[in-house]
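Structure first, commentary second.
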Amino acid sequence: QLQASGGGLAQAGGSLRVSCAASGRTFSSYVMGWFRQAPGKEREFVAVITKMGGVRYYADSVKGRFTISRDNIKNTVYLQMNSLKPEDTAVYYCAADSGGSYSYNDDRGYEYWGQGTLVTVSS
């Protein structure tokens, strides 16, 4: 089970950190990703981190502004969001992938999803 938290309201140029806590003992067995869905748009990939945290990938739209990290002791994955823009407004979802046939940025490959946390960026 994944529980996302930390969303809220920020001004453009500001920062927020969203977290996703996982239950169970096998957190380190999963690649963890963040996706987002803006109103009226399809869900899109944001960032991914490998099981031990050694490799991270980002969508071009957030590269240099967002940082994904994980703590395998606390069973938590984080998304630090800096230099926020109004277009970052969306519901942010964490997801877990045990490893399969899909690319890291394809949401079909993720088996477990958090409930989402809303991030709103005002201009």
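Mind telling me which of Met81, Met52, Met32 comes out most flexible in a GNM of the chain, alpha-carbon contacts under 10 Å?
In this elastic network of the chain, the residue with the biggest mean-square fluctuation among Met81, Met52, Met32 is Met52.
Considering amide H positions built from the backbone, and no H for Pro or chain starts, which residues 5 or more places from Lys85, or on another chain, come under 5 Å of its amide H?
Gly13
Of all the accessible heavy-atom surface of the chain, with the other protein chains kept in place and a 1.4 Å probe, what percent is carbon and sulfur? Please list the in-between numbers first.
Values: 3020 of 6480 Å².
With neighbouring chains kept in place, the figure for the chain is 47 percent.
Rounded to the nearest 20 debye, what is the charge dipole size of the chain about its Cα centre when +1 sits on each Lys and Arg Cβ and -1 on each Asp and Glu Cβ? Numbers along the way, then the final one.
On the way: 13 positive and 10 negative charges, 64 e Å.
Here the size comes out at about 300 debye.
Apply the Karplus curve 6.51 cos²θ - 1.76 cosθ + 1.60, θ = phi - 60°, to the phi angles in the stretch 101-117 and return the couplings in whole Hz, x for Gly and Pro.
My calculation for the stretch 101-117 gives 8, 9, 5, 4, 9, 9, 5, 5, x, 9, 8, 10, 10, x, 7, x, 9 Hz in order.
Based only on Cα atoms, what mean projected area does the convex hull of the chain have, in nm²? Mind showing how you got there, number by number?
Working: hull surface 27.2 nm².
Its Cα hull, projected and averaged over all orientations, spans 6.8 nm².
Pick from Arg56, Arg36, Arg70 the residue whose mean-square fluctuation is largest in a GNM of the chain, springs joining Cα atoms under 10 Å.
Sorting by GNM fluctuation, first place goes to Arg56.
With r as the distance between the Cβ atoms of Met52 and Gln1 and R0 = 30 Å, compute the FRET efficiency 1/(1 + (r/R0)^6) and round to 0.05.
It comes out at approximately 0.85.
If packing is taken as the average number of other Cβ atoms within 10 Å across a peptide's residues, how do 88-97, 60-69 rank, most packed first? Show your work: numbers first, answer last.
Numbers: 88-97: 22.4, 60-69: 14.9.
So the peptides 88-97, 60-69, ranked by packing, come out 88-97, 60-69.
At 1.4 Å probe radius, can you tell me the per residue accessible area of the chain in Å²? Walk me through the intermediate numbers first.
Details: 6480 Å² over 123 residues.
Here the residues of the chain average 53 Å² of exposed surface.
Lysine pairs in the chain with alpha-carbon atoms under 23 Å apart, 8 or more places apart or on different chains: how many are there? Write down the numbers at each step before the final one.
Details: Lys41/Lys63; Lys41/Lys85; Lys51/Lys63; Lys51/Lys74; Lys63/Lys85.
Step by step, the pairs that qualify in the chain add up to 5.
The values are calculated or read from the model by the stated rules, or taken from the named source; none is laboratory data. Please read all numbers here as calculations on a predicted model, not as lab measurements. Positions of Cβ are backbone-derived with ideal geometry, glycine not excepted, and every protein chain shown enters the neighbour counts. To get the accessible areas, we keep the full protein, side chains included, count just its heavy atoms, and leave off ligands, DNA and RNA. Shrake-Rupley method; radii C 1.70, N 1.55, O 1.52, S 1.80 Å.
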